[in-house]
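Every number here is computed from the coordinates shown, using simple stated rules; none is lab data. These numbers come from a predicted model, not from an experiment. Counting neighbours? That spans all protein chains shown, and the Cβs are built from the backbone with ideal geometry, glycine included.
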Amino acid sequence: MTHKTKECLSRPRAKGAKWTGKDIQADEVVQDVSLGWDAKRDRWNGYDSKEYRNVIDEYAQLEELKKKVVDTAAKEDEDDEGEDGAKYAEESDMGRHQKTSTKQLRIREDTAKYLLNLDLDSAKYDPKTRSMVDSGATADTAAALVAEEGFMRASGDAAEFEKAQKYAWESQEKGGDTKQHLQANPTAGEYYRKKEKAEAEAKKLAHQKMLLEKYGGEVNPLAAKLRETAVSESERYVEYDESGSIKGAPRIIAKSKYAEDVMINNHTSVWGSWWSNFEWGYACCHSMVKNSYCTGEEGKAAFEEADRRRTGGVLEIEEAEAPQEIEWASKKDPINTPPQADVGTEPTKKRTIEEMTGGVTEEDMDEYRRKRTAANDPMAAFLGKDELLQQ
């Protein structure tokens, strides 16, 4: 066997041939087929087209069932047509809470919103939400109907009709004015709507005028056409260098945010014009304190003197100004012999090793007592003298 029992693809018999003794065949038929290069790589090699007949029969049965369902539904609709005429829709509230239009796809005859020629200072198309941020197209008047709900396929006075309807609904909801009705009393609604619009425009102009008077500004701003033609061509010859700058043009010195060329406290130079010992200062007086007053040449001299004293330059100058006299050696003095110190001229203050190991003598104690005499002792002045007190 070339495969296991559980891997066999042939359908097992209900009763094996071993027990029935019928239709006895070999366990496995191995065919010796010699295939070429293409036949070995054929995807459909060994496929029996008769097996696909089962798939065709299954789909045919499904189609018959669908036809039966459609015929049954058609008969039921014919029976319900008489009942539909007796039904009527209930009166609905036409308030703002009910949508007057539904979202529908754009028909192919209308121009897409993102293809409209818009002014640069007006509407912008948001590709994320696929809606216009603001209406302001100039190529088509119908583009003014762009709103949050989508593109309304209308033109002419459709926009004005929507505004009038919205104004009537808002008047009824806010103020409870039942007279404002677009169909029952359109003249009153149009009159009050135009009146409020004129008042709003007048209020806006007054506010703008007040701001211009208070803060100033351009009363008549430059028109858009003039702004576009502000940059004009010229025949002036200009030559550029490798870096892209104009040759021969004056070099522009970049100014910082700090104050430049500002002299304070009677200084004749700016702060940072002089540097010494890793510190900045004024070049006019050599002062390193920014808020100090200028001392002129005296300040320079004082700074130089302080610098010499700090670095030891004064000693070098004094030694250079006062030269020492040369003492020539006499013939009596020995040559190349170190001077001998006078022995016994000065008492030695240090104790010798013999004195430290021998202990304290009576002479040392007597000398210590004499030096230890108190200054406030009235008899200290007569110590060691043979004089008597005179009464």
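Given the range 177-220, what whole percent of its Cα pairs are spread farther than 16 Å?
Of all Cα-Cα pairs in the range 177-220, 55 percent lie more than 16 Å apart.
How much FRET efficiency would the formula 1/(1 + (r/R0)^6) give for CYS294 and ALA202, where r is the Cβ-Cβ distance and R0 is 51 Å, rounded to 0.05?
0.20
From the residues TRP19, VAL69, TRP44, which one has its Cα farthest along the dipole of the range 3-74 in the positive direction, the dipole being from +1 and -1 charges on Cβ of Lys/Arg and Asp/Glu about the Cα centre?
Towards the positive end, the residue furthest out is TRP19.
Around TRP274, which amide H atoms from residues at least 5 apart in sequence, or from another chain, sit under 5 Å from its own amide H, with H modelled in the peptide plane?
Here the answer is GLY281, ALA283, since their amide H atoms fall under 5 Å of that of TRP274.
At 0.36 nm per residue, and after removing the present C-alpha to C-alpha distance, how many nm does the segment from ASP32 to HIS181 gain when stretched out fully?
Here the answer is 44.2 nm.
Could you calculate the contour length gain from SER245 to THR357, that is, 0.36 nm times the residue separation minus the distance between their Cα atoms, to one decimal place in nm?
30.7 nm
Determine, from the Cβ-Cβ distance of TRP44 and ALA74 and an R0 of 45 Å, the FRET efficiency 1/(1 + (r/R0)^6), rounded to the nearest 0.05.
Given R0 = 45 Å and the Cβ-Cβ separation, E is 0.55.
Karplus couplings for the range 190-204 from phi (6.51 cos²θ - 1.76 cosθ + 1.60, θ = phi - 60°), rounded to Hz, Gly and Pro as x?
For the range 190-204, the Karplus-derived couplings read 5, 5, 5, 5, 5, 5, 5, 5, 5, 5, 5, 5, 5, 5, 5 Hz, x marking Gly and Pro.
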